[in-house]
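Encoded as structure tokens, the structure appears first; notes follow it.
The values are calculated or read from the model by the stated rules, or taken from the named source; none is laboratory data. In this text, all values refer to a predicted model and were calculated from it rather than measured experimentally. FYI the Cβ positions are ideal-geometry reconstructions off the backbone, even for glycines, and counts take in every protein chain you see.
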Amino acid sequence: MTDEPLVRWDWIARNWANGGPTAISALLENHVVMAFLPVLFGLVVALPLGLACVRWRWLYQPTAALMNVTYSLPSLVLFSIFLSITGLTRSTVVIPLTFFALAVLIPAVVDGLASVPDAVRQSAVAMGFRPARRLLRVELPVAVPVVLAGLRVATVSSISLVSVGALIGQGGLGNLFIDGWQRQFYTPITVGIVLIVLLAVLADGLLVLAQRLLTPWSRARRTA
Amino acid sequence: MNWLAGFFGDPAHWSGPDGIPVRLLEHLEFSAGAFLVAALIAVPLGLLIGHTGRGALLVVVAANAARALPTLGLLVLVVLLAGVGTVLPVLIPLIVLAVPPILVNTYEGVRGVDADLRDAAYGMGLRGRQVLFQTLTPVALPLILLGLRLAAIQVVSTATVAAFVGLGGLGRFIIDGLATKTYADVVGGAVLVAALALAVQLGFVLLDRVAVSPGVRQVR
């Protein structure tokens, strides 16, 4: 064990795309799907729910409390509960991770909309924006930085949490950890950690880029 | 619900080395150990960076990258490298997990203190260290406590995976239950971990009530 190197490149070369379900590329693909679907679903649900919480303030307290409770549930706990409902499918990982994403995204949407200065909102009204158009053209764009900050946290933790799913047989790259542990073999573990971190850094970078594209005014102000 | 009755109603689960009390104590032991070490690293560092403003970018970027580290992978790697059966290696991934939220929130808390307030403190003749501990820290306390709470909850819930590498804690019920397809144990263990996490959450809410100065709370 002591002479075993952390990485054996020939193992990676042999297992990158061996055609089977345990090929590294296949696990990577699986990992990407299981990490991004929850964030996507979470965003689709969090936007209307967040809007509802802003419109009807009394909704926010109970929603926030519920989300706090969800957030404190361990991922493995939710996975094992859903295992008895959805069985050995991707849903067993995707559904619980959607709840985690929601726990981050709903407060982000609410805080984002709250961050719109009142003067901006009133100017939009004065310019003749109706509520729906004002929301789409003024309030949501101004809320983008705060929402995206939440989206970044949700995405990175989703990518990292998928690997816990390996304990119930659906973990994408996390399966490499189990494999490495069972065979006392470092290489798969190292590969898994490095790929997951790279994936997270890449996704985070893309979101930062998206923010620059979606909020050109924030850059204009800085250079002006 | 039958599962819950089966798990909690079985007297064998309440005594012996694999009973609920022992597993709960083990779980608390890992969690508290990792949490304390992480807090001892992250709170002073966050205060220092927030106060001096030096190295802030580096720390925030590093903390965000550390969030991406998969705990299970780190755990398996560290335990294989260090040797199976000791508690210390399990603490390392948990510490890595707990440092970023504490560090980032402490830093943001101190940095976010109103500049006028800071100036007023200096104007009243306080020195740098006094400003940090008598003005900035109390005002930043709600955010510092938020960071500590997030970290504590993550540590308590993630300590579950320690069972995978053969250590104790409440994760034992879940991992062993999954291995032997005894779903009553899985659900029972899951409920215990969730209850513990909620208790931690509640504990921090109470701590917030006691520790945060009423003046600061009013402004919030």
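Descriptive notes on the structure:
- Close pairs (6 angstrom Cβ cut-off, 6 or more residues apart or separate chains): free of Cβ contacts under 8 Å to residues at least 40 places away in the same chain in the range B:136-147, buried (at least 21 other Cβ atoms within 10 Å of the Cβ) and part of a helix (DSSP H, G or I) anywhere: B:L143/B:N105; B:L143/B:G109
- Scanning the range B:15-24 for residues that are within 27 Å of the chain's Cα centre (by Cα) and surrounded by fewer than 12 Cβ atoms within 10 Å (Cβ to Cβ) yields B:P17, B:P21.
- Residue check for B:V131: closer than 22 Å to B:I95 by Cα and either in contact with a Phe, Trp or Tyr (Cβ under 8 Å, 6 or more places away or on another chain) or within 11 Å of chain A (Cβ to nearest Cβ) (or both): no
- Candidate set from the range A:64-101 (those that are modelled with pLDDT of 90 or more and away from every other protein chain (no Cβ under 12 Å)); member that is farthest from A:L151 (Cα to Cα): A:V93
- Listed here are the helices (runs of 4 or more DSSP H) enclosed by the range A:118-224 that have at least 3 residues being of a type in the set (G, A, S): A:118-126, A:140-161, A:186-214.
- For the range A:107-148, the set of residues classified as in contact with an Asp or Glu (Cβ under 9 Å, 6 or more places away or on another chain) and surrounded by fewer than 18 Cβ atoms within 10 Å (Cβ to Cβ) consists of A:V120, A:R121, listed by residue number.
- In the condition set (1) within 9 Å of chain A (Cβ to nearest Cβ); (2) of a type in the set (A, V, I, L, M); (3) over 18 Å from B:I102 (Cα atoms), B:A65 is compliant with all but (3).
- Filter result (of a type outside the set (F, W, Y) and in contact (Cβ under 8 Å) with a residue 12 or more places away in the chain) within the range B:29-42: B:E29, B:S31, B:G33, B:A34, B:V37, B:A38, B:A39, B:I41, B:A42
- Answer from A:L47, A:L59, A:L66, A:L76 - the residue that is in contact with a Gly (Cβ under 9 Å, 6 or more places away or on another chain) and either surrounded by fewer than 19 Cβ atoms within 10 Å (Cβ to Cβ) or within 21 Å of A:I159 (Cβ to Cβ) (or both): A:L76
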